Each structure stands twice: as structure tokens, then as C-alpha cells.
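What follows is a set of notes on a single structure, which appears directly below.
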Amino acid sequence: MKFRLGLGCVVLCLVGWAGLAQAAGNKVQIQFWTMQLSPFHDDYVQAVIREFEQENPEISVKWVDVPWKEMEKKMLASVAAGTAPDVVNLNPQFAAKLAEFGALADPEQYLTQAEVAAYLPNIWRANRFQGQAFALPWYLSTTITIYNRALLDEAYVSVPESFAELLTVSQKVREKTGKYAYFPAMDGSRPLENMVAMGVPLLSENGAAVGFNNARGEAFFQFYRDLYQQGLIPKNVLTEGHHKAVDLFQSGEVALITTGMQFLQSIKTNAPGLYAQVGVAPQLKAPESLANVAVMNVAVPAISKHKVAAFRFARFVTNHENQMALARRIPLLPSTVESYSDPFFAMPENPSLVDQARAISARQVLAGGVLVPPLPKYSKLKTSFVYNLQSAMVGKRPVAEALADTARTWTLFLAPKRPADTTALEAISGQ
């Protein structure tokens with residue numbers, strides 16, 4: 001029987017804690033995996049664990065830090081071997097892939113309504129797959145526009161506020177300076193996010209069908225084609241990603257980038273002369289679109305033998321106090337409602353560039369959302385989208401044909417089918 005929030009949750013938690021108390025006087029040990037936080041944040045993570053263990057003496061926490069690139073592989077292997085951690089830091093798309101096959105426990109069965117309400121509702125919704133929660137949100141990031149004021153001044157243009165303005169700005173920057181206004185990175189979810197930011201939905205209102213196979217979707221494909229065919233973006237956008245965009249911005253070859261505020265320190269370190277000319281503004285989007293927010297979360301695998309303890313720890317890691325301590329340590333944002341009452345996110349008098357970026361980012365988080373929700377077979381959907389978009393950009397296929405092929409592929413993969421002759425792990429690994 002699936003417990004709902006409220007009385008069912010309270011009963012479940014009481015029973016679980018009674019089980020802990022009866023564990024023959026032995027401590028329950030849970031394992032916590034993070035992604036590439038060591039060694040720079042050892043003292044922070046160890047302090048959080050130490051405080052939790054002091055408040056919960058019947059539980060001990062073993063911390064394991066995993067390199068970013070190895071997390072998916074190690075997580076899949078641990079699920080297959082039955083040795084998965086009790087609490088793990090995952091990104092939403094991979095977490096949703098696990099949730100699709102029932103590999104993650106539902107936090108709403110273990111948290112009270114008040115505990116769920118402590119998180120920003122627009123962010124909590126991002127950790128749901130087909131109506132069921134699969135993780136607790138942890139830290140957030142949101143892109144802002146970081147621009148080279150001198151280069152825009154040379155072209156007699158202002159920083160664009162939308163993609164509609166970007167095309168005109170790109171033409172003028174190229175004409176007046178010989179450089180580029182923008183580098184539309186094609187890695188990660190960025191092309192999909194940009195389409196939604198332009199006001200084109202990925203899915204229909206009920207989420208069961210493609211939402212971009214229409215005139216607005218065609219306009220998005222045409223926009224990218226125009227940028228490429230008119231020589232307004234570098235040719236290597238087809239092969240290089242976000243890091244190349246940052247490199248070109250730092251070298252003065254690109255007038256603006258859309259990235260997180262955490263990259264300001266990199267620019268200050270690597271291009272101190274440029275930093276004095278840098279300005280920040282809200283991310284590019286259509287007026288009716290939400291600002292995009294990226295979420296990192298913590299999840300509890302379904303095979304954990306200590307779910308009650310695991311969710312108690314996950315809740316502790318992601319509470320207001322610990323998230324604010326992390327936000328003051330590194331330029332990321334918390335996912336808890338209470339945190340945004342802190343003056344830390346307000347715009348002070350005579351703000352520094354970082355102050356401005358933080359205040360803009362906080363406003364975007366409160367009014368924004370995750371533009372690319374957890375999707376089934378996400379990697380295949382993304383591959384199809386990028387391949388067809390690039391085919392249209394280089395002129396290999398007409399825009400309408402590329403868009404139609406993308407829609408057909410998405411319709412096929414969005415169909416509610418489960419693999420018949422493969423294990424859940426094989427199905428996950430193949431996506």
C-alpha cells in the first residue's frame with residue numbers, strides 16, 4: 001500500500017524509527033555518495049556529517065566522493081550488484097532514468113507535508129517523474145547573461161534581452177567588430193532549454209505528445225539556421241560546447257555568454273583585463289517564458305535497507321541552514337523557501353559584479369523553473385533533436401523536414417512502452 005503525505009507518513013516514520021531503536025544497540029550505517037566535492041569541500045561535508053551524527057547518535061554516515069564522469073557508471077553497477085549507496089547526489093535527468101524503472105524511493109512517503117513545503121514548490125516539481133517524486137532538491141544554478149561591455153559598445157548595441165533581439169545584435173557585432181556576439185553551445189540540455197526559453201514547449205499540455213511540431217518550433221530551427229548560414233556564430237559550435245564558449249568570451253572573441261554566476265571567478269582569474277569590462281544581465285528568454293533553473297538533488301535508492309535513516313540524513317543535508325552555509329561558500333543557490341529571506345540574496349548599495357549576479361540569479365530561481373523536465377529515454381530524445389537541428393543549420397536538410405523528423409522520433413520514444421526482453425538495468429544503460 002502506498003502511503004500518502006500526512007498520517008500515513010507519520011506512521012511510517014514512527015515504525016521505521018522504532019526499528020532503528022530495536023537494532024540490538026548497534027548503529028545503523030548509511031553510505032552517502034557525492035559528485036566531485038572532495039577535496040575542496042571536505043571540511044564542509046565532514047562538518048555536516050559530524051553534526052548529523054551528534055543529533056542522531058544511532059546513525060553513522062560513511063561518505064564516498066565520486067568523480068563527476070564516473071557517477072552514472074558506478075551508480076548503475078552498484079544497483080546491479082545490490083550495493084547502491086543509501087543517499088546519492090544525482091542530476092535530475094539521470095535520477096529520472098533510475099526512477100523510470102523504480103530504482104529510487106519516493107521521498108513523499110517519508111517526509112511530512114511541512115518538510116516538503118520547506119522546498120521551493122517550482123523546484124520540488126522538477127524532481128517528479130510521471131507524477132511521483134524521486135529525490136530531494138539540493139543546490140541550484142541558473143544562467144545569466146555575462147557580456148563584454150566594450151565589445152557591445154564598439155558595435156553600438158545594448159545587451160539583448162531576448163533571442164529575438166539577439167539576431168540583430170549578432171549582425172551588428174559581426175559587421176562592426178568582425179567578432180561574434182554569441183556561441184550557442186550544443187552540449188547538455190542547452191539547445192532544448194533555449195527552445196523553451198524562446199516560448200516553444202517541448203511537450204503538449206498533458207505531456208503525452210510533442211509540443212514543438214508547429215510554426216513556433218520551425219521558427220526556432222530557422223533562427224539557428226540563420227545564425228549559422230549568415231556566419232554570425234563560429235563554425236565549431238557543431239563540435240564544441242559550453243567550455244569553448246567561455247574560452248572565446250575570455251579571449252574577447254565573443255561578446256556574451258549565457259552561463260552560471262560561478263563562472264565570474266574563472267573570468268576574473270583567467271582574464272583580469274576583461275573582467276573590468278564585464279556586465280551581467282538576466283538570461284535571454286521570451287517575455288512569457290520562465291527563467292531556466294538547473295537542479296542537483298539527493299536521492300535514496302529503492303534497495304536501501306535504511307530508508308528512514310537515509311531520508312532523515314537527506315533532509316538534514318538539504319535543510320535551510322546547511323544550504324545557506326554552502327551558498328556562502330560557493331556561488332550556487334539553495335532550494336529552500338526560507339533561504340531567500342536572507343539579505344545575502346538582496347542587492348546591496350554599490351553592488352559588486354558578484355552581488356549583481358547573485359541577486360539576478362535569486363530572482364530567476366524564485367520566478368523560474370526547470371525548462372527541460374525529466375523525460376523518458378532522455379538521451380535518445382536529445383540526440384535526435386541536436387542531430388536534426390544541426391542538419392538544418394548546415395543546410396543538409398530543409399528546416400521543415402528536420403523539424404518533422406525530430407517530432408516523429410520524439411513521438412516514437414515518448415510512447416509508453418517498457419522493454420520486454422531486457423532487465424531494468426540493461427534498459428537504463430541503453431538510454
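Just so you know, all these numbers are worked out from the coordinates, no wet-lab data involved. No experiment lies behind these values; they were computed from the predicted model shown. Ideal geometry is used to build each Cβ from the backbone, glycine not excepted, and the neighbour counts take in all protein chains shown.
Ordering V354, G279, W410 by Cα displacement along the dipole of the chain toward the positive end leaves W410 in first place; charges were set at the Cβ atoms of Lys, Arg (+1) and Asp, Glu (-1). Counting only Cβ charges, +1 for Lys and Arg and -1 for Asp and Glu, the dipole size of the chain around its Cα centre is about 820 debye.
Of interest is the spacing of the C-alpha centroids, which for the range 181-225 and the range 56-71 amounts to 37 Å. With the simple spin-label model, which puts each label point 7 Å out from Cα in the Cβ direction, the Q132 to N206 separation comes to 2.1 nm. Using bins of 5 Å that start at zero, the share of Cα-Cα pairs per bin across the range 211-346 amounts to 2, 7, 11, 13, 15, 14, 12, 11, 9, 4, 2, 0, in whole %.
Sorted into 10 angstrom bins from 0, the C-alpha pair distances of the chain split as 4, 20, 29, 26, 15, 5, 1, 0 percent. Using a cut-off of under 13 Å, list every residue of the range 94-121 whose amide N is near the label point 7 Å from the Cα of V337 along the Cα-to-beta-carbon line. Residues passing the 13 Å test: 113-121. Full extension of the chain segment joining V354 with A400 gains 12.3 nm, where the gain is 0.36 nm per residue of separation less the Cα-Cα distance. Volume per residue of the convex hull around the Cα atoms, evaluated for the range 296-381, comes out as 134 Å³. When only the Cβ of Lys, Arg, Asp and Glu is charged (+1, +1, -1, -1), the dipole of the range 296-418 relative to its Cα centre reaches about 860 debye.
If I model a spin label at A150 and I330 as a point 7 Å from the Cα along the Cα→Cβ vector, what separation in nanometres do I get? Rounded to a tenth, the inter-label distance reads 3.2 nm.
Using a Förster radius of 22 Å, what is the FRET efficiency between L290 and F344 based on their Cβ-Cβ separation? Nearest 0.05, please.
Numbers: r = 23 Å, r/R0 = 1.06.
According to the calculation, E is roughly 0.40.
Shown here for the range 286-353: trypsin sites (Lys or Arg not before Pro) in loop regions (DSSP other than H, G, I, E, B) with at most 16 other Cβ atoms within 10 Å, namely K305.
Full extension from A47 to E165: what is 0.36 nm times the residue separation minus their Cα-Cα distance, to one decimal in nm? Could the numbers behind the result be given before it?
On the way: separation 118, 0.36 × 118 = 42.48 nm, distance 4.73 nm.
Here the segment from A47 to E165 would lengthen by 37.8 nm.
Comparing H41, H242, H306 in a Gaussian network model of the chain, where Cα atoms under 10 Å apart are tied by springs, the biggest mean-square fluctuation is seen for H41.
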